[in-house]
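The values are calculated or read from the model by the stated rules, or taken from the named source; none is laboratory data. Bear in mind that the values here come from a model prediction, so they are computed numbers and not experimental data. Glycine gets a Cβ as well: all are built from the backbone with ideal geometry, and neighbour counts include every protein chain shown. Ligands, DNA and RNA are stripped out before the accessible areas are found, and what is left, the full protein with its side chains, is counted by its heavy atoms. Shrake-Rupley method; radii C 1.70, N 1.55, O 1.52, S 1.80 Å.
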Amino acid sequence: MNQIHKLMRNIYLSAFLLLASLPATAQTPFWTENFGTGCFRGQLVSQFMSVNGAWTETATGTNDPYADIWFVSATASGTGGQNCSDNCITNSRSLHIGNAAIPLVGFGADTGSTYLTGIFCGGGICSVTNKRVESPVINCLGQNNIAVSFTYYEGGEGTDDDATMVFSADGGITWTIIDALPKTAVGPCTLPAASWVEYSVNLPASANNNANVKIGFTWTNDNDGQGADPSFAVDDIGLFNNISSGIAADIAASVSVYTDANGNI
């Protein structure tokens, strides 16, 4: 019996040491986007150039003259998980849905994560919106079991005024919904600011070892005037190859170091 105990001890110890020796970079993202710094109020996503390349906007349906707009600016500042966003105080930019300008009433564009719900449509200010924002192409060659993480918040109105996360395995030709993204609580924040929530999800297997991946977000809203701020904002996006972290989790879950009656390993 002692020999069995010694054998099991050596197996568990070896597994424990393997876990301890895994590189600290196992959780380091291989692709990131934080949208930079500076207020840049009113900067269209199509005007933003990342170190990763250009983000683009595509119409996915009808868009009224005062349709809401994808902006990259600090009017919905990225302040990290569980913190309230702010308006150009921290100057950490986010990608967000903001309002179009209404020159007739002196209302400027991109006043934060606020959107036009159609409440003024009777006066000709209609804002039906159907738009997708798309990342640059992401090279996932050599990467497998890929997870994406980011911070976000979202208000709106059910599925009428709503954001979704989408994915493309062919460079943006076809798109698949990954998650409808639950609405989030405003928390102690003052609207249209809201509390950032940390989020992660696995990408489909078609992302594995694929040099032509894109991720994106859609926003749609109608004209019924029933929605509520905030709109939708996202920041601090990272893509992770989670093979190493998955192995580490499996080992950590299965390792139980044997000790004898005297507490010796």
**OP:** Among the residues of the range 34-45, write down those that are of a type in the set (S, T, N, Q) and surrounded by 14 or more Cβ atoms within 10 Å (Cβ to Cβ).
**Re:** Asn34, Gln43
**OP:** Kindly list the number of the only condition in (1) open to solvent by 50 Å² or more (accessible area, probe 1.4 Å); (2) not in a loop (DSSP other than H, G, I, E, B) that fails for Lys214.
**Re:** (1)
Subject >> Counted residues, the range 102-152 - those being under 22 Å from Thr184 (Cβ atoms), in contact with an Asp or Glu (Cβ under 9 Å, 6 or more places away or on another chain) and not in a loop (DSSP other than H, G, I, E, B) >> reply: 8
Original post:
So Ile119 clears everything in (1) at negative phi; (2) at pLDDT 95 or above except one condition, right? Which one?
Top reply: (2)
Original post:
When both residues are 6+ apart or on different chains and their Cβ atoms are under 6 Å apart, which pairs have a first residue that lies in the range 34-45 and is closer than 13 Å to Cys88 by Cα, and a second that is among the charged types (D, E, K, R) and open to solvent by less than 20 Å² (accessible area, probe 1.4 Å)?
Top reply: Arg41/Asp110; Gly42/Asp110
Subject >> Residue that is farthest from Gln27 (Cα to Cα) [pool: residues in the range 159-183 that are open to solvent by 50 Å² or more (accessible area, probe 1.4 Å) and in a loop (DSSP other than H, G, I, E, B)] >> reply: Asp160
Original post:
Is it the case that Asn209 is open to solvent by less than 50 Å² (accessible area, probe 1.4 Å), over 17 Å from Val133 (Cβ atoms), in a loop (DSSP other than H, G, I, E, B) and among the polar types (S, T, N, Q)?
Top reply: no
Subject >> Some residue of the range 225-238 being at pLDDT below 95 and in contact with a helix residue (DSSP H, G or I) (Cβ under 9 Å, 6 or more places away or on another chain) >> reply: yes
**OP:** Filter the range 223-233 down to residues that are open to solvent by 40 Å² or more (accessible area, probe 1.4 Å), assigned to a loop (DSSP other than H, G, I, E, B) and not polar (S, T, N, Q), then give me how many there are.
**Re:** 1
Subject >> Positions within the range 184-203 being open to solvent by less than 80 Å² (accessible area, probe 1.4 Å) and not in a strand (DSSP E or B), in sequence order >> reply: Thr184, Ala185, Val186, Gly187, Cys189, Pro192, Ala193, Ala194, Trp196, Leu203
**OP:** Go through the range 56-94 residue by residue and tally those that are surrounded by fewer than 23 Cβ atoms within 10 Å (Cβ to Cβ), assigned to a loop (DSSP other than H, G, I, E, B) and among the hydrophobic types (A, V, I, L, M, F, W, C).
**Re:** 3
**OP:** Only residues in the range 114-131 that are in contact (Cβ under 8 Å) with a residue 24 or more places away in the chain and within 14 Å of Asp161 (Cβ to Cβ) count as the first member; pair them with residues that are assigned to a helix (DSSP H, G or I) and among the basic types (Lys, Arg), Cβ under 7 angstrom, at least 6 apart or cross-chain, and list the lot.
**Re:** none
Original post:
Just checking, which of Val133, Val105, Val128 is at pLDDT 95 or above, of a type in the set (A, V, I, L, M, F, W, C) and surrounded by fewer than 21 Cβ atoms within 10 Å (Cβ to Cβ)?
Top reply: Val128
